[in-house]
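Values quoted throughout were computed directly from the atomic coordinates according to the rules given, and no laboratory measurement underlies them. As the structure is a prediction and not an experimental result, all values here were calculated from the model. Glycine gets a Cβ as well: all are built from the backbone with ideal geometry, and neighbour counts include every protein chain shown.
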Amino acid sequence: MLIDAHHHLWKYNEHDYVWMTGAMTSLRRDFLIPELNAAMSASGVEGTVAVQARQTTGETDWLLELSARHPFILGVVGWIPLCDPDATAHLDRFAASPKLKGIRHVLHDEPNDFFMLRGDFNRGVSLLSRLGLAYDILIFERHLPQTIQFVDRHPNQVFVVDHIAKPRIRGGALSPWREYIRELAKRECVYCKVSGMATEADWNNWTTAQLRPYFDVVLSAFGPKRLMFGSDWPVLTLAADYSRWAETFRSWIAELSPAEQESICHETARAAYRLR
C-alpha cells in the first residue's frame, strides 16, 4: 500500500493563491477530487493526507468536509491562527473532527526568517500535543538552524518536515543542508516527507540521479520508520506528473527490505499522523 502524505486541493482564485507567480501559470485552475483520483489511480496510491494551501480557517473546514465525503482522504493537515490568543478555541472546534491530524503554517513565506521562534507562535504550537496533532514544518534550507531551536522547545510534539526542508537542488548544493538535516533528525519526534524535490530542481531537466543524493541523506538520517512518501500534487505538475514521481520514489526504495519499504510507503505516515 502507498499513502500520499502530502497533496493539495484548490478552487483557484487570484486573491488566495498569490504565490502562483510567473512560470506557475499551469497551476492557476481548479485541482479537485476528480483530478486527484485520476492521478492516484494511475500510480497505485490508496490513501492520502490533504494539506492546507491557504492560511484560512475556511480552508481547514473545506478540507475536513472533503475528507468526510471521500474515505481515501485519511487525514487533513489544516491551518489555524496559532499566534491568536484564541488559538485554543479554534483548535477545540476543529479537533472534534477525527480526520484532523495536523496543523501547518507557511513559515517559509514569512518575512521574518525567525518567525518560528516567536513567543505567541510557540504558545500556539504547545497546544497541539494534548490533542495528538502533528505540526508540519514548511521551510527552506536557510531556516534549519532556527528550526532545530524551535523543535527543541517542544520535546513532546510530533513534527513532520515537508519537502525534506527544500535544499538547493537546482544548484546541486548538499551543504549545509545535509549537516543541518542530520542534526534535526537526531530528534526522535521529527519525521520527514520525501516530497517537493523535483520542483526544487530544474523543472524541465531534472533526473533521478540528480535527486538521489538528497534522498540518500534523509534515508540515512531519519531511517525508514521516520520517512514517508508525499507527492506535493498539484504543485508537483510544474516538474513532473504524478506517475513519474511515484516511479522515481519506488526506484529508490527497491533496494530496501520488504519491511523497510512497508514503513516508508505507509506505516510511517500512519504513525506520525495517527491514521486509521
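List 110, 188, 14 from most exposed to least, where exposure is judged by having the fewest other Cβ atoms within 10 Å.
14, 188, 110
Express in whole angstrom the spacing between the alpha-carbon centres of region 32-74 and region 121-154.
Comparing the Cα centres of region 32-74 and region 121-154, I get a distance of 24 Å.
How much FRET efficiency would the formula 1/(1 + (r/R0)^6) give for residue 113 and residue 32, where r is the Cβ-Cβ distance and R0 is 45 Å, rounded to 0.05?
With R0 = 45 Å, the Cβ-Cβ based efficiency is 0.85.
Would you mind ranking 54, 153 by Cβ crowding within 10 Å, fewest neighbours first?
Least crowded to most crowded, the residues run 153, 54.
What is the magnitude of the charge dipole of the chain about its Cα centre, with +1 placed on the Cβ of each Lys and Arg, -1 on the Cβ of each Asp and Glu, and no other charges, expressed in debye to the nearest 20?
400 debye
Per the helix-only calculation at 222 nm, which mean residue ellipticity applies to the chain, given -39500 (n - 2.57) for every DSSP H run of n ≥ 4 and division by its residues, nearest 500 deg cm²/dmol?
-9500 deg cm²/dmol
Sort 225-232, 177-184 by packing, meaning the average of other beta carbons within 10 Å per residue, with the highest value first.
My ranking of the peptides, most packed first, is 225-232, 177-184.
At a threshold of 8 angstrom on Cα-Cα distance, excluding pairs fewer than six apart, so keeping six or more, what relative contact order does the chain reach in percent?
This gives 19 percent for the chain.
Identify which of 108, 90, 15 has the largest mean-square fluctuation in a Gaussian network model of the chain, with springs joining Cα atoms closer than 10 Å.
In the Gaussian network model the winner is 15.
So what J values fall out for region 98-108 if you push phi through Karplus, 6.51 cos²θ - 1.76 cosθ + 1.60 with θ = phi - 60°, rounded to Hz, Gly and Pro as x?
Rounded to whole hertz, the list is x, 8, 6, 10, x, 10, 9, 10, 7, 4, 6.
Considering lysine pairs in region 2-273 that are 8 or more places apart or on different chains, how many have Cα atoms under 16 Å apart?
4
Between 175, 67, 243, which gets the highest mean-square fluctuation from a Gaussian network model of the chain, Cα cutoff 10 Å?
Largest GNM mean-square fluctuation: 175.
Fewest first, what order do 28, 123 take by the number of other Cβ atoms within 10 Å?
Exposure proxy ranking, most exposed first: 28, 123.
Between residue 95 and residue 153, what is the label-to-label distance in nm when each label sits 7 Å out along the Cα-to-Cβ direction?
With each label point 7 Å from Cα toward Cβ, the separation is 1.9 nm.
Could you compute Rg(Cα) / (2.2 N^0.38 Å) for the chain, with N its residue count?
0.93
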